[in-house]
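Structure first, commentary second.
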There are 2 protein chains.
Amino acid sequence: MSSQQPRAATITDVAALAGVSIATVSKALNGRAQVREETRQRVLRAAEKLAFQPNALARGLISGQTRTVGLLTSDSVGRFGIPVLLGAEDAFGAGEMSVLLCDARGDAIREQHHLRTLLARRVDGLIVVGQSTDPRPSISRDLPLPVVYAYAPSEDPRDVSFVPDDVEGARAAVRHMLTIGRRRIAHITGPTHYQAARDRAEGVLSALEEAGLSLSCGQVLSGEWSQRWGRQAAEIALRTDPELDAVVCGSDQIAAGFVEAARERGRRVPDDVAVVGYDNWEVLATETRPPLTTIDMNLESLGRTAAQHLFAAIDGRATPGVHRMPCRLIIRGSTAPSGD
Amino acid sequence: MSSQQPRAATITDVAALAGVSIATVSKALNGRAQVREETRQRVLRAAEKLAFQPNALARGLISGQTRTVGLLTSDSVGRFGIPVLLGAEDAFGAGEMSVLLCDARGDAIREQHHLRTLLARRVDGLIVVGQSTDPRPSISRDLPLPVVYAYAPSEDPRDVSFVPDDVEGARAAVRHMLTIGRRRIAHITGPTHYQAARDRAEGVLSALEEAGLSLSCGQVLSGEWSQRWGRQAAEIALRTDPELDAVVCGSDQIAAGFVEAARERGRRVPDDVAVVGYDNWEVLATETRPPLTTIDMNLESLGRTAAQHLFAAIDGRATPGVHRMPCRLIIRGSTAPSGD
């Protein structure tokens, strides 16, 4: 725009020019039958003269629906929340809904402030996007609108939540290792105070048990969600079980650290030790040598599903509970036969 | 929320119960003087009876301002756009504005669709967040509202754009190398069809020229924005100029690849070769061995500044042109003296 711009005409301007009430303008522009044809023409001429655009606000006032949904996030880093958010935005965009974005940055008071703003804006519904898969307090009680939780589930089972199925994701990683003939499988992951670390460990252990195998190294190796921990854990694991032939990692960062340290210790990946990561964080997973086989949580798809469910909830067809969405295995060089 | 929820009362309901027009309800609730006290009391009683909440929509209709701004992004990967977006959201949140988020995903038709939606919603202003620093077509012509461009500048100099000062950022990297006594400085960067690659190369060359030095390896080494290219370029650079003592990289990914390959070739970082990255992508920059000295583009601050400028523009105080925002040098182990 240039330095000055025309003020957009409001419905009040149209009403004044046409000499009718705001309600009459709204009805006329929305094609309601209660307005006489002569009045409707006068309103239309006034609207045209003022270059008045069909106004979502006015339609919202009349219908009681704003066709706007709130997206409440708490993920200033954004690695997990952002794909969920984009998936939701995608679904809403297609449905001609608009998305009001609020980022609480993990702060409860800020979240309350944003919530009040969204309520004052009369959003038709709300998606709460978490920063981890740890259950979070419900905000749905006493709210006069439907709420869907994505990535972080609500603690209240009467709410609707969509989360990745991390137990099944980790099981798929182990089954893949079994398929390529590995038997001594270790698990290196993040801090156990994360639900994600606990779920993935549960998946690894249950899949091993089904195969009649026990975990290599005698225990889950829990540390940080970092490359540094992946390198340290590689030392520990390769010393504890020199016959180790596979590692399922709780994140791609851990896997990248493991692969790097294993190579420096002269272990070939995947020939000596096969490695599976978690997250399919492509910018990292495709850059390691070899690139990482990993579990993709389909976060954009999860966000889209949550948004579609919010439409259903707005129509009164909510399905309470925690919905676990499937993950998928992405096979790359860290487990694929080298071909020679 | 549980399975059913009460429909929120609309201004129409209040008007019907109080027996007045919608405009009168709005005026009464906004404390305008044109409403008789008796009428105002009747409206307030009706609003209270229906648990009608102060409604941002109704206020918007009356005032002509919606206190909503549109954020139009085109960054589905999100690494650069997201911090800008979060900074903007932060500034708007503090100012009690709400943010309508639209992600065009690099698609011009989708962008037009979103733009129409935002106009119909009568946003008070618009921030366009780009996915690279390459200039992008202006959307401001003929729009009846102020627009501010962030990260990707508008091609039209009459628009207001905020971009990182990449020339100066790269100059700061070179000056840092000179300060720690390095003289044979190479530059490894991304594809030259990116404005960012050209700006950073310009900064490197001008700072070297000022110091009376020429570029090591005889030319800028341009390739991909990837770790892989960083590794390949390390081989090329160390072969072309074995006396090389410093490398300024166009991204942290390139720097991470360089550091890794240099170590494998027995070069100590920083003792033999000092390395500076670009982006301060912390999750990568702090995980390399040693961690990367790098240039931070202050993207959240850039987003916040863009948002604050949009407030000024809404008040008719726009400052057209491309505003280059300062970057800052973050010093870590890849250039710091090792201490022994």
#### Entry: Search result, residues across region A:168-196 that are part of a helix (DSSP H, G or I) and either at pLDDT below 95 or surrounded by fewer than 24 Cβ atoms within 10 Å (Cβ to Cβ) (or both)
A:168, A:171, A:172, A:175, A:176, A:178, A:179, A:195
### Task
Kindly indicate which of A:24, A:66 is in a loop (DSSP other than H, G, I, E, B) and either at pLDDT 70 or above or in contact with a strand residue (DSSP E or B) (Cβ under 9 Å, 6 or more places away or on another chain) (or both).
A:66
### Task
Please determine, by comparing only the residues of region A:236-264 that are more than 33 Å from the chain's Cα centre (by Cα) and part of a helix (DSSP H, G or I), which one is surrounded by the fewest Cβ atoms within 10 Å (Cβ to Cβ).
A:239
### Message
Residues that are in the same structural domain as residue A:274 (by TED's automatic domain parsing), more than 30 Å from residue A:126 (Cα to Cα), hydroxyl-bearing (Ser, Thr, Tyr) and touching a Cys at 6+ places or on another chain (Cβ under 8 Å): does region A:173-183 have at least one?
### Response
no
### Query
Under the condition of being in contact (Cβ under 8 Å) with a residue 60 or more places away in the chain and more than 19 Å from the chain's Cα centre (by Cα), which residue from region A:269-285 is surrounded by the fewest Cβ atoms within 10 Å (Cβ to Cβ)?
A:271
## Note on the structure
Of the residues in region A:304-328, those that are touching a residue at least 60 places away in the same chain (Cβ under 8 Å), assigned to a loop (DSSP other than H, G, I, E, B) and either crowded, with 20+ Cβ neighbours inside 10 Å or not hydroxyl-bearing (Ser, Thr, Tyr) (or both) come to A:318, A:320, A:326, A:327
### Task
Collect the residues in region B:266-303 that are closer than 20 Å to residue A:253 by Cα and assigned to a loop (DSSP other than H, G, I, E, B), keeping them in residue-number order.
B:277, B:279, B:280, B:281, B:286, B:287, B:288, B:289, B:290, B:291, B:292
## Note on the structure
Of the residues in region B:294-335, those that are over 22 Å from residue B:84 (Cα atoms) and modelled with pLDDT of 90 or more number 5
## Note on the structure
From the option list A:329, A:302, single residue qualifying as away from chain B (no Cβ under 12 Å) and closer than 22 Å to residue A:153 by Cβ is A:302
## Note on the structure
Of (1) in contact (Cβ under 8 Å) with a residue 60 or more places away in the chain; (2) touching a strand residue (DSSP E or B) at 6+ places or on another chain (Cβ under 9 Å), residue A:194 satisfies every one except (2)
### Query
Picking from A:302, A:284, A:329, which residue would you name as being in contact with a His (Cβ under 7 Å, 6 or more places away or on another chain), closer than 19 Å to residue A:169 by Cβ and of a type outside the set (Val, Ile, Thr)?
A:329
### Message
I'd like the full set of residues that are among the basic types (Lys, Arg) and within 17 Å of residue B:217 (Cβ to Cβ), limited to region B:229-271.
### Response
B:231, B:239, B:265, B:267
### Task
Could you tell me which residue of region A:197-235 is surrounded by the fewest Cβ atoms within 10 Å (Cβ to Cβ), considering only residues that are in contact with a helix residue (DSSP H, G or I) (Cβ under 7 Å, 6 or more places away or on another chain) and among the polar types (S, T, N, Q)?
A:214
## Note on the structure
Within region B:305-326, of all residues that are facing another protein chain (nearest Cβ under 10 Å) and out of contact with any Pro (no Cβ under 9 Å at 6 or more places or on another chain), the one farthest from residue A:257 (Cα to Cα) is B:317
### Query
Of the residues that sit in region B:151-165 and are in contact with a helix residue (DSSP H, G or I) (Cβ under 7 Å, 6 or more places away or on another chain) and modelled with pLDDT of 95 or more, which one is nearest to residue B:327 (Cα to Cα)?
B:164
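Residue by residue, here is whether (1) hydroxyl-bearing (Ser, Thr, Tyr); (2) within 14 Å of chain A (Cβ to nearest Cβ) holds:
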| site | (1), (2) |
| --- | --- |
| B:215 | no, no |
| B:220 | no, no |
| B:227 | no, yes |
| B:240 | yes, no |
### Scan of region B:197-206 for residues that are basic (Lys, Arg) and without any contact (Cβ under 8 Å) to a residue 40 or more places away in the chain, ordered by number
B:198
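The values are calculated or read from the model by the stated rules, or taken from the named source; none is laboratory data. Just so you know, these numbers come straight off a predicted model, no measurement behind them. Virtual Cβ from ideal backbone geometry, glycine too; neighbours counted across all protein chains shown.
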